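Quick notes on the structure that follows.
The values are calculated or read from the model by the stated rules, or taken from the named source; none is laboratory data. Treat the numbers as computed from the prediction; the structure is a model and nothing was measured. When we count neighbours, we look across all protein chains shown, and the Cβ atoms used for this are built from the backbone with ideal geometry, even at glycine. Just so you know, the surface numbers come from the protein's heavy atoms only, side chains and all, with ligands and any DNA or RNA stripped out. Shrake-Rupley method; radii C 1.70, N 1.55, O 1.52, S 1.80 Å.
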Amino acid sequence: EGTGLNFFGIQTQAKSVVIVFDVSLSVLNKAQKSGIPITKIQEETMKMIDGLSINTKFNLVQFSRFYQPLAVEMQSPNEASKKAAKNWLEKEFRTDGTLPRSVRGIKAPQAGEDNGICFVLDGVLAMQPDVIFLISDASFQSELNPSQVPWKDVEAVVKKHEKAGVATKINFIGFEMKPEDKKEMRSLARGTDGTLKEIGKD
């Protein structure tokens, strides 16, 4: 029946889970200011993976405008996969606020398509996880929306996958969110039966 998960105080049950990290510089700085340095995020992630039952698959994704998954497909939590996840967190996880196209395994949109959170979320939801933990500040920009990606566009991606039969609970872990972004992200999470937690405030 999957695993009982606890990630930064958010508890849930899942047979498949993806942890999605926003590694833009603003988020890394806000996380640090909130008392959650990169090392803490890495430790909490590995702790959760180590606690998965054999029935619960997982994946890791880091993103900025593009995204890089640990693996193309969901991983079974055997010893080899756990070792690969730890190695990825130690060697691939970006701490400089950038995620360039040159990174190994990077996923970028086709010519003419926008990058950013909608592109990333579409790719993550295509993995069909039961649960997503998304770590960010909810301030999302893209090439076509340099100030802010419209929240209706983000919601449309979620609705598209729901209509295709993918029921994914989105849990959001936020740092120093603007009030409007927090309101919209909380609404989006609740619409999937997920939870929003703001580190340092909630």
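Odds and ends about this structure:
- Annotation: of all residues in the stretch 169-187 being on the phi < 0 side of the Ramachandran plot and touching a helix residue (DSSP H, G or I) at 6+ places or on another chain (Cβ under 6 Å), the one that is surrounded by the fewest Cβ atoms within 10 Å (Cβ to Cβ) is E184.
- Qualifying residue in the stretch 83-91 (condition: open to solvent by 20 Å² or more (accessible area, probe 1.4 Å), in contact with a Ser or Thr (Cβ under 8 Å, 6 or more places away or on another chain) and over 21 Å from K160 (Cβ atoms)): no
- Among the residues of the stretch 45-58, just one is buried (at least 19 other Cβ atoms within 10 Å of the Cβ) and under 19 Å from T95 (Cα atoms), namely T45.
- Hits in the stretch 144-173 (condition: closer than 18 Å to D193 by Cβ and either assigned to a strand (DSSP E or B) or small (G, A, S) (or both)): A164, G165, A167, K169, I170, N171, F172, I173
- Taken over the stretch 71-81, the criterion of being modelled with pLDDT of 95 or more and open to solvent by less than 30 Å² (accessible area, probe 1.4 Å) is satisfied by A71, S81.
- Scanning the stretch 35-44 finds one or more residues that are charged (D, E, K, R), under 24 Å from G200 (Cβ atoms) and open to solvent by 40 Å² or more (accessible area, probe 1.4 Å).
- Only one of the numbered conditions (1) out of contact with any Gly (no Cβ under 9 Å at 6 or more places or on another chain); (2) within 26 Å of D50 (Cα to Cα); (3) among the basic types (K, R) is not met by K160, and that is (2).
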